[in-house]
Each structure stands twice: as structure tokens, then as C-alpha cells.
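> Please find one structure pasted underneath; my questions will follow.
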């Protein structure tokens, strides 16, 4: 009977058909791929962390503590998750190896900016009494912020910082510059000193609702205050991949520089690729998004990147200037056979920042499993060792503003790619202080 | 102000793409009754097949590869998945296939991210260099012109196949009356596979043009599937598939023109809000209540004389 024929299980013929499909499909995908690399790190029993950090009797040796880590493990930002996780894992292994606290990372997925996923992750961690958390996507675009305060988890966002909309929130601090506000002063100084032809500046960002209007308004104000003319300030839907309308508007506004903020790397590369079709070679592009050379090369190609610069607190295998930065770089390269990125550096040092808070609480005889005590220790002196900045034996520092909850000291710069290598063209700190032309 | 003519041309090129998506879904859904939301998978596979092909072939051949990949994957999805789902539980086939299609979208995106882990799975189609060209003082891109040509060619080819071949006659027969066509010896399952092949092949090629414009990304299939369904429903699933040209072009051009006046998010809300209202209006006009009221006769002024009156 026909019914019996259709209701039986997978027979040999169908199994072979299915196998053929899977193998064939995999072969096509393999042709597109170039192989990924897995990574793992074990406890570094010969950790030299004690040379750079104060690992003493209060370091928490022999004790364990949960650490929430909410990453974009799935979705469009999943490529970044492994960089962040690598930084966390390395710091955890080095702390344990150096005779300090053993963090127990509790990984959660925010699905690359899905607010509900962020809320669920915060609730899960909060209900289990997790005292500290590392997160991304500006606390998952703000949705985690109420839960962070409710469950009293000292939280650092080393991927997005506080952004413009999550400043001064209880228990939540941004561990990188505010993008784009913090890049304006240094970028405008660079335009004046190194790109004198730039008179009219456009701005391209993602349309994320009312906050976008605020962002573009403040950009116009910053541009005109700095003595430039504000050209087209346009936005694009995050799902958009065709930028011809935005390019047409920027072109007709006479812009000779474009600031690009919030867009992800694929979108920026797509925009640059389409802009290159206009044949314009004199427009200077400055973006605030993490530079992922491979993506930019894949999508945009070298020609489209000629005048492209990126500006933020950048870190790679060559930027360390202190012994601590070099130690981190070398350890990262040894563990993962690749160079560290800004995200891995941020999550590495943020894990160490939270540990330092534990150490301070221990030193005062408190209970580091309480987020409120970690916060008090953090705010008592919000200055911590950093792999950014510094010189030789002098370790760099990251410091936080207790009012805005963003960083008050953070080496940043404008970078570009020459002959396949990233080079700095200008460096400065938050608010454009310590500005210096390079290259 | 943007160059209005240029915006019109860009909008038309984008609109033709939407029209082809809608037309493909009208052909598929209107013939088979399957809500093939996984058309995004065919779009995606077309793009990635072209990425692989462009490593060894010139870009026009990569486009052709994308078309073939779209068509083959469409046929396999219908014959290997949807048809079996329907036969295993005919009563709930509509819902089951819709769920399977959604699952297929997620699996395809996840699998691509997993297999092409480096760079987030982003890949480019090699060998094509876009450039601006000016015709009669209007600036446009070479890629837009190629895409317009591709869409028109695809629509024409499908129409010719439907009108001039015996296979096309069978498709029209099944679209018109599935049971009657089966009585006349047409196998509806074969027709299903054929329309899936045609519709998905057209969409696979469209995916290649999206990849040529920027790059192939694992999540590139979702938005086109959404646009395709909206255009298909607004056009009407029972209409000839090329009728999708009107709403497709209207959406594409309006989208670009509205960007002069409002933000991208507001533009999306305005366009899809109007399309939603159109659908609601159409449903209301087709409702029994409306038909009954519109066709109700006015009461006669004088009582009618009975047939069997005494006279």
C-alpha cells in the first residue's frame, strides 16, 4: 500500500541521495571557504601576570566566581564573538596560572543585538547570583541595562562602550570611547592639519530611530563648531545593502569627507565598494567601526580602500607600546596563532579590571560575590592597568568617568591600511588631547 | 536634492528586482499552494554558487551558475522536502510546509556561518568591475543595467515557456484547476517541481546580482523573501505572474523618492503600511458581507405579482 511505502524510514537509496546532496553542498561551500581555525587556551601555569598586576594574598587564589559573558555568538556579529571570548579565556587562564581568582565564565548569546536575548541572558545570570558581567552591543542596545541594575551586576561593555544612550546607568560602564562623539575632536584636528582640502563633511549612519536623529544633529553641531561645513547627513536601514541613494545625496551635497558611524563592517565595505564606482578619489572616509581587513578586502577591494580610515581605540599585533601590552600580544599569539584585535584586547583587560575589583573587595575583607561591593571597589578608584598606551615598563591605564560611566582616558587614533599593514596617521586621547600626527 | 531622474532609474532597477521576486512567488505559490518562504535559500545559494564559480569562470558564467543553483535547489526542496511533508500529513501540509520553509532559512544561514566561519561567511563574486555610465545626461551604473536586462529576460523566458510549450500548458492547467488537470493525465507533482525550478532559478540569478553589488552574506536571503511575499500578495496569487511588475516597480520607485523626504525607517513604514492597507481593502472588498451588500437588490416599490396569481 502506498501509505506503507511513504511512512517507512529512510531506505538505502534515499540515504545515498541525501548523502550525495550533503557532500555536494559541502563541496560548493568548501570552495567558497578558506578554512576557519578553532582555538583553545589552557591555564597558564607560568603566567607572568604578576609582573604587571598586583597579585597578592587578596588575589583570590583557590576561589571561584561566576562571570557573565554575553556575546554575539549567533547572528550577523558572530564573527566578533570568538575574538571577545579569546580575550576572556586568556585572562582567566593567566589569572588562574598566576595564583589569583578563578573566574568561571558563564557564556550567553545576545544574538547580535536581539534585545530579548539580552534580557533573557541578564535574567539567567542575575537569578543565579552572578556578581559581574562582560557584555557587548552596548548592553544589547540598552535592553540589559535595567536588569543589570536590578540584579546588581557590575558590568563592562568593552565592545560598544556606553554609546550615547546608555551613559550614567547604575552598575553599567562602557570600557571604550563613546562612538562617534569621542572621535570628533581628534578627527577634526587631523582634517585641519593633514587634510586641508576637507571643508565639507558628510555623515552616514544606520537608521535606528530617534537616537539616529540625535546622533546626526550632534554631528552637524560638532562639524560646524569646528569650522567645517556640514554636508549631507544621511542614514540607511540596517538591512540595506544598496547605498546608491545615500551616495547620490552625499555627492550632490559637495562633501569631501564622510564620517561613517554605527554601520557594521560588511555594510561599510559595501558602501565603499559602491562609492568607488563614482570614480571619486578625493573623498576622505573616516569610520568608527571595528576594522576587519579580511572583510573589507573581500567586499570592497584595495581600490575602494584608498582613502579609507578608521578611528577608534584600536589594537592589533603591532600597536602595543608597553611591556604589559607586548606580554598580552605575545601570549595571545601563542595561544591562538593569530594577532589580537581591539575586541580581544578589551575583553582581556576588562576581565582583569573585574578581577582587580574582587581583589580590592578581598583586601577590605568584603564579599566579592556581591555586585554592590564590586561596584563600590570599582568606583573608589576607577583607574586600572591597560594593554593600551603606556611605554616600556610603564603600564598604560584605562580610567572611567563616574558621571558619564564612559572612559575618561583611552588612547585612540586614526588609522589606515598601507601595503597590507595598518598604520596610524594620528593618535590622540579622549577629547582630542595629546594629539599627534603620525606616518 | 538628489538627482530625481537618477533616483527614478535606481528605483526602477530595484523595483524590477522586487517584481521578479514577487513574480516567482506568484508562479510557485499560485500553482502549488506552498508558502515557499525558503525562497531566500534559493537566493542565497544562487549567490554562493556564483562565488564558487567565479573563482574559475568569468562573471556571466557565474550568473548562469547562480541561476542553475537556484533552480536545482528549488527542485530539490520541492521534490525532496515539501512533497514528502505533504504526503506524510496532507491535512496539515500548508502549515507544516510553512514551518519547514522557515526552518530551512535558519539552517541555511547557520550552516553557511559555520562552514565559512572566517570573515563571518562574507564572500565576493570575482571578475566584475562596476562603473558609472552616462546616457542622455543621466548617470547610472553598469550593474543596474545588467540587472534590468536580467530581470526582463527572466520574465520573458518564463512567459514564453508557459505560453508556447506543452510543459507550460500543463502548468497553466494545474494553476487553473488542479483536480481537472490530474483527470486529464497531468501529474501535478511534476508541475510543482517545474514551477519551483523556474521560480527559484530566476531568484537564484537575482541573488548573484546582489552579491555582485556588494558581496554574498549568510543573511542576505531574508529581506528579499519578505519583499517577494509582499509583492506577490499585493499583486494577487491568482494573477498572471508578470502582473507583479506594477507593484514591484511602484515599491522600488516610491522607496527611492520617499528617501528624499523621510528617513529609511519611516520610508519602510510608509510603503509597507500602504501595501498592508491595500491588502486589507482587497480582503474587505472580497468579503461575503461586502459582496452581499453590494449586490443586494433594492426592495421593489410594488409587491410582485405571483406566478400563479389569480390574474
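> Residue A:366: modelled with pLDDT of 95 or more and touching a strand residue (DSSP E or B) at 6+ places or on another chain (Cβ under 6 Å), yes or no?
Judged against the criteria, residue A:366 is not a match.
To keep it simple, each residue is scored yes or no on (1) surrounded by 18 or more Cβ atoms within 10 Å (Cβ to Cβ); (2) touching a helix residue (DSSP H, G or I) at 6+ places or on another chain (Cβ under 7 Å); (3) assigned by TED's automatic domain parsing to the domain that holds residue B:15; (4) not in a helix (DSSP H, G or I).
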| residue | (1), (2), (3), (4) |
| --- | --- |
| B:97 | yes, yes, yes, no |
| B:109 | yes, no, yes, no |
| B:112 | yes, yes, yes, no |
| B:119 | yes, yes, yes, no |
| B:134 | no, no, yes, yes |
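> Which one of B:57, B:104, B:114 is within 14 Å of chain A (Cβ to nearest Cβ) and closer than 18 Å to residue A:295 by Cα?
B:114
> Could you tell me whether residue A:231 is more than 13 Å from every other protein chain (Cβ to nearest Cβ) and in contact (Cβ under 8 Å) with a residue 60 or more places away in the chain?
No, not satisfied.
> Looking at residue B:211, is it at the interface with chain A (Cβ under 10 Å from one of its Cβ atoms), over 16 Å from residue B:43 (Cα atoms), assigned to a helix (DSSP H, G or I) and touching a strand residue (DSSP E or B) at 6+ places or on another chain (Cβ under 9 Å)?
Answer is no for this residue.
> If you don't mind, another one. From the residues in segment B:117-139 that are within 15 Å of residue B:211 (Cβ to Cβ) and more than 7 Å from chain A (Cβ to nearest Cβ), which one is modelled with the highest pLDDT?
Going residue by residue through segment B:117-139, those that are within 15 Å of residue B:211 (Cβ to Cβ) are B:119-130.
From the residues that got through so far, the ones that are more than 7 Å from chain A (Cβ to nearest Cβ) too are B:121, B:125-129.
Values: B:121: 84, B:125: 92, B:126: 89, B:127: 88, B:128: 89, B:129: 86.
Only one residue fits best here, namely B:125.
> Being surrounded by 14 or more Cβ atoms within 10 Å (Cβ to Cβ), facing another protein chain (nearest Cβ under 8 Å) and touching a strand residue (DSSP E or B) at 6+ places or on another chain (Cβ under 9 Å), is that true of even one residue in segment B:142-162?
There is no residue in segment B:142-162 that is surrounded by 14 or more Cβ atoms within 10 Å (Cβ to Cβ), facing another protein chain (nearest Cβ under 8 Å) and touching a strand residue (DSSP E or B) at 6+ places or on another chain (Cβ under 9 Å).
> While we're on this one: Which one of the conditions (1) touching a residue at least 12 places away in the same chain (Cβ under 8 Å); (2) within 14 Å of chain A (Cβ to nearest Cβ); (3) part of a helix (DSSP H, G or I) does residue B:67 fail to meet, given that it meets all the rest?
(2)
> Tell me, please, whether a residue that is without any contact (Cβ under 8 Å) to a residue 40 or more places away in the chain, farther than 29 Å from residue A:297 by Cβ and in a helix (DSSP H, G or I) can be found in segment B:215-234.
Yes, there is a match, as at least one residue in segment B:215-234 is without any contact (Cβ under 8 Å) to a residue 40 or more places away in the chain, farther than 29 Å from residue A:297 by Cβ and in a helix (DSSP H, G or I).
> Take the conditions more than 23 Å from residue A:272 (Cβ to Cβ), buried (at least 19 other Cβ atoms within 10 Å of the Cβ) and touching a residue at least 24 places away in the same chain (Cβ under 8 Å) and apply them to residue A:163. Does it pass?
yes
> Something else about it: Would you pick out the residues in segment A:199-211 that are touching a residue at least 40 places away in the same chain (Cβ under 8 Å) and over 15 Å from residue A:287 (Cβ atoms)?
A:199, A:200, A:208, A:211
> Continuing with the same structure: Can residue A:133 be described as assigned to a helix (DSSP H, G or I), closer than 20 Å to residue A:384 by Cβ and within 18 Å of the chain's Cα centre (by Cα)?
no
> Of the numbered conditions (1) buried (at least 20 other Cβ atoms within 10 Å of the Cβ); (2) over 26 Å from residue A:346 (Cβ atoms); (3) more than 9 Å from chain B (Cβ to nearest Cβ), residue A:243 fails exactly one; give the number of that condition.
Single failed check for residue A:243: (3).
> Could you tell me whether segment A:220-234 includes any residue that is in a helix (DSSP H, G or I), under 30 Å from residue A:114 (Cα atoms) and under 24 Å from the mean Cα position of the chain (by Cα)?
no
> May I ask you to verify whether residue B:23 is within 18 Å of residue B:155 (Cβ to Cβ), in the same structural domain as residue B:110 (by TED's automatic domain parsing), within 20 Å of the chain's Cα centre (by Cα) and at pLDDT 95 or above?
yes
The values are calculated or read from the model by the stated rules, or taken from the named source; none is laboratory data. Only a predicted model underlies this, so the values are computations on that prediction, with no experimental measurement involved. Virtual Cβ from ideal backbone geometry, glycine too; neighbours counted across all protein chains shown.
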